[in-house]
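Colleague: Dropping a structure here in structure tokens format, bear with me for questions.
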Amino acid sequence: MEVSDEQLMSLVKAGQLDYLNELFHRYSKRIYNYFLKSTLERADSDDLTQELFVRVMRYRNSYKEGRSVQFWIFQIARNMVKDHFRKMKVHRDQFNPVEVMPEVKEEVDEQLVENERRLHLAMKKLSDEKRELLVLSKFQGMKYEQIAKLRDTTVSNIKVQVHRTIKELKEVYFELSED
């Protein structure tokens, strides 16, 4: 019988920290990808992922029973990204798309590599809030209701924001292909 995330978190909250390993296995990849798509830096994503689970352990008593563990973890992650950018005083023009691209083997289609590079550049040109919105909705698969709750807004507002952000991303992406 599979134990739910909420049951695991209750055990962690009760001091049974071994169960944090299971939460790590369930969420680490998604959290890493969220950080990678948000910061566009592999090393930062590794560090932030580790730090997130340290915070989950440290602040386990702030988890409210019955709430979604996924929502709680992504709230922490979202706050960490904001703190990261504040601390780093990020200058968007310092981005190097080669750093975030996966290692590419020679047999990979050059067009695919170019499309991936262009997508990273287009994502870079979006504001942090818009990039986060796409990461949560399209890359992390969060439902609009969850994002609305996370951002303290309405579902219809999130739908409009996602639609506009995708439209902007398309425009930027195709402008880059014209260069």
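The values are calculated or read from the model by the stated rules, or taken from the named source; none is laboratory data. Just so it is clear, the model here is predicted, and its values are computed rather than measured. No Cβ is skipped: glycine too gets one built from the backbone with ideal geometry, and neighbour counts run over all protein chains shown. To get the accessible areas, we keep the full protein, side chains included, count just its heavy atoms, and leave off ligands, DNA and RNA. Shrake-Rupley method; radii C 1.70, N 1.55, O 1.52, S 1.80 Å.
Colleague: Which ³J(HN,Hα) values in Hz, rounded to whole numbers, follow from the phi angles of segment 69-82 under the Karplus curve 6.51 cos²θ - 1.76 cosθ + 1.60, where θ = phi - 60° and Gly and Pro get x?
Modeller: Along segment 69-82, the couplings run 5, 4, 4, 4, 5, 6, 5, 4, 4, 4, 5, 5, 5, 4 Hz.
Colleague: Using the structure shown, select from K13/K125; K29/K125; K64/K170; K82/K143; K13/K124 the pairs with a Cα to Cα distance greater than 31 angstrom.
Modeller: Numbers: K13/K125 40 Å; K29/K125 25 Å; K64/K170 40 Å; K82/K143 21 Å; K13/K124 38 Å.
K13/K125; K64/K170; K13/K124, as the Cα separations exceed 31 Å there.
Colleague: Over the Cα atoms of the chain, what is the Rg over Rh ratio if Rh follows Kirkwood?
Modeller: On the way: Rg = 17.9 Å, Rh = 17.8 Å.
When Rh is taken as the Kirkwood radius, the ratio is 1.00.
Colleague: May I pose another question? In sequence order, what are the phi-derived ³J(HN,Hα) couplings for segment 48-54 according to the Karplus relation 6.51 cos²θ - 1.76 cosθ + 1.60 with θ = phi - 60°, rounded to whole Hz, with x for glycine and proline?
Modeller: The phi angles translate into 5, 4, 4, 4, 4, 6, 5 Hz.
Colleague: While we're here: If the chain between K170 and S68 were fully stretched, how many nm would it gain, using 0.36 nm times the residue separation less the Cα-Cα distance?
Modeller: Details: separation 102, 0.36 × 102 = 36.72 nm, distance 3.28 nm.
Result for the pair: 33.4 nm of gain on full extension.
Colleague: Sticking with this one: Taking the Cα-to-Cβ direction at K159 and at K143 and moving 7 Å from each Cα, how far apart do the two end points lie in nm?
Modeller: 1.4
Colleague: Report the extension gain between F85 and S4 in nm, rounded to one decimal, defined as 0.36 nm multiplied by the number of residues separating them, less their alpha carbon distance. Provide the component values of the computation, followed by the final result.
Modeller: Numbers: separation 81, 0.36 × 81 = 29.16 nm, distance 3.28 nm.
Computed gain between F85 and S4 is 25.9 nm.
Colleague: Okay, moving on. Which of S68, S45, L23 sits closest to the plus end of the dipole of segment 22-71, meaning its Cα is farthest towards the positive end, when Lys and Arg get +1 and Asp and Glu get -1 on the C-beta?
Modeller: Toward the positive end, the furthest listed residue is S68.
Colleague: Ok, one more. Taking 0.36 nm per residue of sequence separation and subtracting the Cα-Cα distance, how much length would be gained by fully extending the chain between V54 and K124, in nm to one decimal? Numbers along the way, then the final one.
Modeller: On the way: separation 70, 0.36 × 70 = 25.20 nm, distance 2.83 nm.
So the extension gain works out to 22.4 nm.
Colleague: Can I ask one more? Which value, in Å², gives the accessible area per residue of segment 104-167 when a 1.4 Å probe is used on the protein heavy atoms? Spell out each step's value before the answer.
Modeller: Working: 3920 Å² over 64 residues.
For segment 104-167, the per-residue accessible area is 61 Å².
Colleague: Further question on the same structure: Using the Karplus curve 6.51 cos²θ - 1.76 cosθ + 1.60 with θ = phi - 60°, work out ³J(HN,Hα) for each residue of segment 8-13 in order, rounded to whole Hz, and write x for Gly and Pro.
Modeller: Couplings: 4, 5, 5, 5, 4, 4 Hz.
Colleague: Sticking with this structure for a sec: Say the dipole of the chain comes from +1 at the beta carbon of Lys and Arg and -1 at that of Asp and Glu; which of N33, V113, H84 then lies farthest toward its positive end?
Modeller: Looking along the dipole axis, the top candidate is H84.
Colleague: Can you tell me the orientation of helix 155-178 relative to the chain, as the angle in degrees between its alpha-carbon axis and the longest Cα principal axis, to the nearest 10?
Modeller: The answer is roughly 30 degrees.
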